[in-house]
1. Please compute the length gained on full extension between GLN28 and ARG146, using 0.36 nm multiplied by the number of residues separating them and subtracting their Cα-Cα distance.
2. Estimate the FRET efficiency between MET195 and SER107 by the formula 1/(1 + (r/R0)^6), using the beta-carbon distance for r and 30 Å for R0, to the nearest 0.05.
3. Share of antiparallel DSSP beta bridges in the chain, in percent to the nearest 5?
4. Give the shape of the stretch 1-140 as rounded, prolate or oblate, defined through the alpha-carbon gyration tensor: a ≥ b ≥ c are the square roots of its eigenvalues, a/c under 1.5 means rounded, and otherwise the shape is prolate if a/b is larger than b/c and oblate if not.
5. For n ≥ 4 DSSP H runs only, could you compute -39500 (n - 2.57) per run for the chain, divide by its residues and tell me the 222 nm figure to the nearest 500?
6. DSSP H helices in the chain with Cα extent of 27 Å or more along the helix axis and mean Kyte-Doolittle hydropathy at least -1.0?
7. Using every Cα-Cα pair within the chain, state what percent have a distance larger than 27 Å.
8. By how many nm would the segment from CYS342 to LEU94 grow when fully extended, if each residue of separation counts as 0.36 nm and the alpha-carbon distance is taken off?
Amino acid sequence: MTTDPLDTTDGVPFAALAELRATCPVSQTSSGAYFLARYDDVLAATKNIGSFQASFREPGVVVPPEEQLISEIPEPRHSEIRRIINSAIAQHRLARVEPFVRELCHSLLDGVLARGGGDLVADYVTPIPATVIAHLLGVDPADHARFAEWSDLVVQSDYATKNRRADGEENEGLAGVAREFTDYLDAMIAQRAEMADPPDDFVTRLLNTEVDGIRLTPLEMRTQLAFLLMSGNETTRHLIGNLLETVCRDPALLARFGADPDLLTVGVEESLRHDPPIHVLIRDCIGAVAVADTPIPVGAKVAFGLAAANRDPSMYDAPDEFRLDRPRPKDHLGFGGGPHVCPGAQLARLEGRVALEVFCERVASARLVEGYAREPVPVFWAHGPRRLPAVLTASAGLETR
Ligand code: HEM
């Protein structure tokens with residue numbers, strides 16, 4: 001058994017995480033990074049922004065301030081930008097999104113059910129968050145597919161970590177990996193800035209939101225819009241994928257969700273706990289600190305084990321079981337914690353709930369193909385199925401709408 005908690009070659013190593021939680025709550029991986037495995041330590045560490053700062057980059061990689069992602073911007077600038085983003089994606093505006101998400105899920109499922117199944121990740125799961133986030137950003141529907149491709153290209157590239165490209169040239173930031181994408185975003189921003197009556201979308205709201213007299217520059221806007229697309233896409237897709245894998249493996253659960261939509265909300269929370277789409281957060285230690293009596297020096301890489309924390313038996317009875325009767329279903333760390341806690345959580349919950357609801361309502365039986373084994377996704381920090389080849393039968397009368 002691997003004991004490196006960051007070795008995800010075969011997916012998140014839950015057995016190794018359990019062993020570390022029990023025997024060595026703060027360990028060091030083969031690369032020298034410190035790994036925090038217990039719930040209390042991880043939660044406290046997410047709040048300790050004086051000691052831990054988000055880290056995507058290799059040592060020495062410097063990006064211009066306007067190209068820093070919100071996660072890595074130090075205070076007080078982080079809070080200022082965060083308030084602008086929160087206002088742009090505020091919860092009260094999400095009610096209007098729900099009918100769009102439901103219609104999208106139904107139309108995708110029409111095709112899957114007509115074929116009696118298929119790869120649920122490709123045919124149902126992946127298009128949902130990509131289309132929803134592109135819609136919210138205000139992207140022309142004709143360009144939604146290109147947006148999804150750009151998002152994958154950027155997430156799977158190493159532009160954020162390296163300052164030399166493969167050809168030895170300096171890293172040119174986001175534009176260096178996806179020039180068409182940055183040109184497209186820049187054009188959206190410029191168009192809305194010139195319009196007398198711009199559409200009410202994320203781009204317009206980011207343009208017009210002023211917090212304490214502060215607005216984002218066009219380059220900051222482009223950086224944060226691209227990050228919203230990527231963070232809303234790669235993560236929510238795995239939430240929906242994990243949920244569908246769970247119901248495809250458990251016909252009784254599929255039937256329960258179909259019969260009692262009130263259970264969907266807790267089902268989504270339990271999936272975020274049991275299978276957090278981001279299983280680990282990487283930080284730089286910027287202020288010496290001791291965690292569980294282990295000193296962590298400045299300059300060290302530190303990994304917050306969200307998946308490890310979410311299955312800590314001191315917090316959850318039978319933590320490896322997927323259960324719908326947890327006393328405090330929202331206590332998990334699937335969305336992180338502290339000042340950087342996910343601002344898109346309500347949108348992600350909405351998408352997860354509606355995608356599950358439509359699936360469980362319209363699918364009478366779902367079975368993963370014979371011999372199915374989960375293939376992990378190619379993004380190191382992400383946890384979800386790469387493919388879900390399944391055979392489906394439709395609920396009576398709901399083959400089409
Ligand atoms: C199931 C889906 C999602 C999961 C599991 C998730 C998880 C997380 C986690 C764990 C963090 C904390 C990162 C850290 O502390 O370094 C985070 C931050 C963030 N998330 Fe999400 N997220 C999801 C969906 C979304 C969506 C839909 C959006 C946007 C619409 C979004 C936007 C962001 C942003 C902008 C941050 C950075 C916040 C900051 O640093 O202040 N996320 N997310």
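Every number here is computed from the coordinates shown, using simple stated rules; none is lab data. Just so we're clear, the structure is a prediction, and the values are computed from it rather than from any experiment. No Cβ is skipped: glycine too gets one built from the backbone with ideal geometry, and neighbour counts run over all protein chains shown.
1. Numbers: separation 118, 0.36 × 118 = 42.48 nm, distance 4.06 nm.
My answer for the length gained is 38.4 nm.
2. On the way: r = 30 Å, r/R0 = 1.00.
That gives a FRET efficiency of 0.50.
3. Antiparallel: roughly 90 percent of the beta bridges in the chain.
4. On the way: a/c = 2.32, a/b = 1.30, b/c = 1.78.
It comes out oblate by the Cα gyration axes.
5. On the way: 14 runs with 176 residues, N = 401.
It lands at -14000 deg cm²/dmol.
6. Details: long enough: 218-249 (47 Å, 0.08).
The answer, listed by residue number, is 218-249.
7. On the way: 41499 of 80200 pairs.
Counting every Cα pair in the chain, those more than 27 Å apart make up 52 percent.
8. Working: separation 248, 0.36 × 248 = 89.28 nm, distance 1.55 nm.
Extending this stretch completely gives an extra 87.7 nm.
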